[in-house]
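This report concerns only the one structure given below.
The values are calculated or read from the model by the stated rules, or taken from the named source; none is laboratory data. Because the structure is predicted, anything quoted here is derived from the model rather than measured. Cβ atoms come from the backbone with ideal geometry, glycine included; neighbour counts cover every protein chain shown.
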Amino acid sequence: MNTLPLQFLILTVAGWISRRQQDVIDYLQEENRILREHNGDRRLQFTDAQRRRLAAKARKLSRKVLAGIDPIVTPDTLLRWYRNLVARKDDGSGVRKAGRPRTARNIEQLVVRMARENRWGYTRIRGALRNLGHEVGRTTIKRILAANGIEPASTRRKGMSWETFLKLHWGAIAAADFFAVEVLTHAGLLRFLVFFVIDLKSRRVRIAGLAPEPDSRGVKQVARNLTDVDDGFLHGTRYLIHDRDPLFTDEFRQVLRSGGVKAVKLPARSPDLNAYAERFVRSIREECLSRVIPLGERHLRWVVGAYVKHYHLERNHQGLGNELIEPSGVPGHGRVVCRQRLGGLLRYYHRRAA
């Protein structure tokens with residue numbers, strides 16, 4: 001990991017687009033393939049296989065997204081096809097009583113899972129099934145994949161997901177971002193920017209700065225604090241990903257580099273690539289800031305600080321197996337008590353030590 005060139009990492013990050021955008025592209029590509037199959041027919045009469053392929057692609061898209069890309073059929077039709085596809089999959093009325101028995105349901109599910117989680121072809125899937133004690137022919141695997149709207153490996157989307165890439169480098173990547181808060185002061189509403197950094201593996205967060213009008217000088221000082229050799233939050237981190245906000249200046253990146261941290265600028269208009277930072281912003285807004293009227297800078301600092309403590313010590317995180325970031329130890333056996341923060345806005349239930 002330590003020898004990974006910065007240029008390679010930048011090229012890798014720049015190559016990833018958001019999962020939602022890729023799902024839309026996959027659907028539109030499938031539409032184009034089907035239109036070419038009809039060879040300019042004025043009236044499109046879809047085969048069952050074509051319906052399955054479109055329905056499988058549309059499954060990942062919401063009704064709003066489908067309406068926005070103006071598909072060749074209405075979103076309601078696509079969703080109906082998908083429901084029919086699911087119903088047909090679960091329909092046992094057509095089981096044949098003669099001839100070769102149908103492939104067991106659990107084996108079909110394994111075939112679909114292996115194809116969706118990897119780029120394996122029919123032969124590779126057949127070998128993986130044999131490792132599990134299942135002997136399935138290539139033709140059967142091909143039929144199962146076609147029935148579930150999955151293309152052959154040669155036409156399937158290549159490359160690994162952004163989530164997989166991040167997990168390959170877990171423990172060495174952090175993310176930085178800003179979020180704005182409107183604060184009520186004696187002069188009226190004043191917008192403050194809160195600068196934070198999140199470690200992607202542990203989900204630990206550090207509020208690195210809070211100011212109404214941060215400038216390059218202040219952000220540069222934040223970089224010094226984050227890379228401090230004694231208690232810097234980024235101590236031991238190799239890469240810091242961030243968006244293209246002008247506050248992330250060349251001086252900011254240079255200070256990080258001198259502290260052993262390489263800054264990686266994400267492609268434009270790609271919020272999903274910084275999903276962990278975006279998720280923290282959503283959490284602090286929904287659970288705290290949307291229910292509080294910050295009365296001045298001091299009050300805002302107190303509110304944000306209280307939430308961060310709750311976030312680390314008292315909030316279960318689904319991305320961590322529904323566990324706490326910093327558990328307090330073995331649960332006690334005494335009476336259940338409630339710890340409150342921000343006047344009861346944030347609550348945590350635990351047992352007192354006996």
Checklist entry - Is segment 335-344 home to any residue that is out of contact with any Leu (no Cβ under 8 Å at 6 or more places or on another chain), among the aliphatic types (A, V, I, L, M) and closer than 29 Å to H235 by Cα? => result no
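Do you know which of the residues in segment 300-325 that are in contact (Cβ under 8 Å) with a residue 40 or more places away in the chain and within 23 Å of the chain's Cα centre (by Cα) is surrounded by the fewest Cβ atoms within 10 Å (Cβ to Cβ)?
Across segment 300-325, the extreme among qualifying residues is G319.
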Next on the checklist: I'd like to know if segment 198-212 contains one or more residues that are outside any strand (DSSP E or B), surrounded by fewer than 20 Cβ atoms within 10 Å (Cβ to Cβ) and of a type in the set (A, V, I, L, M).
Outcome noted: no
Checklist entry - Of all residues in segment 227-246, which are more than 25 Å from the chain's Cα centre (by Cα) and crowded, with 18+ Cβ neighbours inside 10 Å? => result T227, G232
Checklist entry - Given the conditions (1) at pLDDT below 90; (2) assigned to a helix (DSSP H, G or I); (3) buried (at least 18 other Cβ atoms within 10 Å of the Cβ), and given that E151 satisfies all but one, which numbered condition is not satisfied? => result (2)
Checklist entry - Of the residues in segment 330-350, how many are loosely packed, with under 11 Cβ neighbours inside 10 Å, part of a strand (DSSP E or B) and of a type outside the set (A, V, I, L, M, F, W, C)? => result 1
Next on the checklist: Filter segment 306-324 down to the residues that are under 18 Å from E286 (Cβ atoms), of a type outside the set (S, T, N, Q) and outside any strand (DSSP E or B) and list them by number.
Outcome noted: A306, Y307, V308, K309, H310, Y311, H312, E314, R315, G319
Next on the checklist: Please list, ordered by residue number, the helices (runs of 4 or more DSSP H) wholly in segment 1-64 having 2 or more residues that are at pLDDT 70 or above and more than 21 Å from the chain's Cα centre (by Cα).
Outcome noted: 19-38, 48-58
Item to check | Filtered residues of segment 286-310 (kept if touching a Ser or Thr at 6+ places or on another chain (Cβ under 7 Å) and under 13 Å from L345 (Cα atoms)) | outcome: none
Checklist entry - Of the conditions (1) in contact with a helix residue (DSSP H, G or I) (Cβ under 9 Å, 6 or more places away or on another chain); (2) at pLDDT 90 or above; (3) under 30 Å from P294 (Cβ atoms), D228 fails just one. Which one is it? => result (1)
Item to check | Search result, residues across segment 247-278 that are under 28 Å from L190 (Cβ atoms), touching a strand residue (DSSP E or B) at 6+ places or on another chain (Cβ under 9 Å) and either of a type in the set (F, W, Y) or not in a loop (DSSP other than H, G, I, E, B) (or both) | outcome: F248, F252, N274, A277, E278
Checklist entry - When segment 240-285 is examined, which residues are found to be among the hydroxyl-bearing types (S, T, Y) and more than 17 Å from R203 (Cβ to Cβ)? => result T249, S258, S270
Checklist entry - In segment 243-258, is there at least one residue being over 17 Å from G209 (Cβ atoms), in contact (Cβ under 8 Å) with a residue 60 or more places away in the chain, charged (D, E, K, R) and assigned by TED's automatic domain parsing to the domain that holds L200? => result no
